[in-house]
Amino acid sequence: MCSWCWGFSQALEDLIGKLPLDVNLQYVMGGLAPDSDEPMPEEIQGYVQNAWRQVSATTGARFNFDFWEKCQPRRSTYPACRAALAAGLQGKLAQMFGALQRAYYMEARNPSDASTHLALAGELGLDVVQFGEDLVSARVEELLQMDFELGREFGVRGFPTLVLSTEKGDHPIVSGWSTLEAVWNRIERILASE
């Protein structure tokens with residue numbers, strides 16, 4: 001639910017296509033905003049909408065501003081993180097991650113709502129009943145907290161963040177939006193030095 005991550009999504013997709021086959025990609029949920037049923041305050045709505053405009057101008061990513069009229073925005077990103085992790089229990093974390101981004105930024109669907117998560121699970125061909133149970137399970141909460149801890153261990157301070165873990169250690173690649181070329185050049189330098 002980070003607009004800079006949405007702006008980076010095409011570069012990430014292109015990067016995944018370039019990675020050597022022996023490089024495993026692991027999505028780690030970062031959080032951003034804890035659980036809340038409170039409506040997003042007007043000033044934060046304005047801030048986020050301005051961020052969307054800035055991300056669009058910088059990256060070319062498209063946004064559907066109908067979200068702000070059709071949905072009740074909440075500053076609550078943990079539910080979407082749990083939805084991605086629950087989908088991961090059925091082998092579709094990356095697909096849910098992308099579906100959540102598209103739902104939010106392009107389809108004006110609220111990524112903080114369980115109804116959106118369940119609908120997306122169905123669209124992805126998941127066992128929706130199992131997904132619904134997993135969504136509120138202690139196991140998914142444990143996975144979420146483990147991801148948060150991993151982010152702290154890596155020193156994550158912004159999104160998106162990419163870290164390349166090799167036998168020689170963990171190498172920060174990017175913290176915040178960057179071009180595919182800059183990211184790829186950094187990865188190539190690290191892999192060449194291994």
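Structure above, values below:
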| read-out | value |
| --- | --- |
| Qualifying residue in segment 103-110 (condition: surrounded by 16 or more Cβ atoms within 10 Å (Cβ to Cβ), closer than 27 Å to GLU69 by Cα, in contact with a helix residue (DSSP H, G or I) (Cβ under 9 Å, 6 or more places away or on another chain) and hydroxyl-bearing (Ser, Thr, Tyr)) | yes |
| GLN145 being of a type outside the set (Phe, Trp, Tyr), farther than 30 Å from GLU69 by Cβ and surrounded by fewer than 15 Cβ atoms within 10 Å (Cβ to Cβ) | yes |
| Pick from segment 159-180, criterion closer than 16 Å to LEU19 by Cβ and β-branched (Val, Ile, Thr), ranking: surrounded by the fewest Cβ atoms within 10 Å (Cβ to Cβ) | THR166 |
| Subset of segment 65-92 that is of a type outside the set (Asp, Glu) and more than 17 Å from the chain's Cα centre (by Cα) - its residue that is surrounded by the fewest Cβ atoms within 10 Å (Cβ to Cβ) | GLN72 |
| Complete set of residues in segment 111-126 that are crowded, with 21+ Cβ neighbours inside 10 Å and hydroxyl-bearing (Ser, Thr, Tyr) | SER112, THR116 |
| Leading residue by the ranking (surrounded by the most Cβ atoms within 10 Å (Cβ to Cβ)) among those in segment 129-142 that are within 16 Å of PRO79 (Cβ to Cβ) and among the β-branched types (Val, Ile, Thr) | VAL140 |
| Options VAL156, VAL183; residue that is crowded, with 16+ Cβ neighbours inside 10 Å and modelled with pLDDT under 95 | VAL156 |
| Residues of segment 165-186 that turn out to be touching a residue at least 60 places away in the same chain (Cβ under 8 Å) and over 16 Å from the mean Cα position of the chain (by Cα), as a count | 4 |
| Pairs with Cβ under 6 Å, 6+ apart, first in segment 146-162 and closer than 15 Å to CYS5 by Cα, second not hydrophobic (A, V, I, L, M, F, W, C) | GLY158/SER175; GLY158/GLY176; PHE159/GLY30; THR161/SER175 |
| Complete set of residues in segment 113-133 that are assigned to a helix (DSSP H, G or I) and within 19 Å of the chain's Cα centre (by Cα) | ALA114, SER115, THR116, HIS117, LEU118, ALA119, LEU120, ALA121, GLU123, PHE131 |
| Any hit, segment 105-112, residues being under 16 Å from the mean Cα position of the chain (by Cα), over 26 Å from ARG139 (Cα atoms) and either assigned to a helix (DSSP H, G or I) or of a type in the set (Gly, Ala, Ser) (or both) | yes |
| Those residues of segment 119-132 which are out of contact with any Leu (no Cβ under 8 Å at 6 or more places or on another chain) and more than 15 Å from GLY91 (Cβ to Cβ), in sequence order | ALA119, GLY122, GLU123, VAL129 |
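The values are calculated or read from the model by the stated rules, or taken from the named source; none is laboratory data. The shown structure was predicted, so the numbers you read here are calculated from the model rather than taken from an experiment. Cβ: placed from backbone, ideal geometry, glycine included. Neighbour counts: every protein chain shown.
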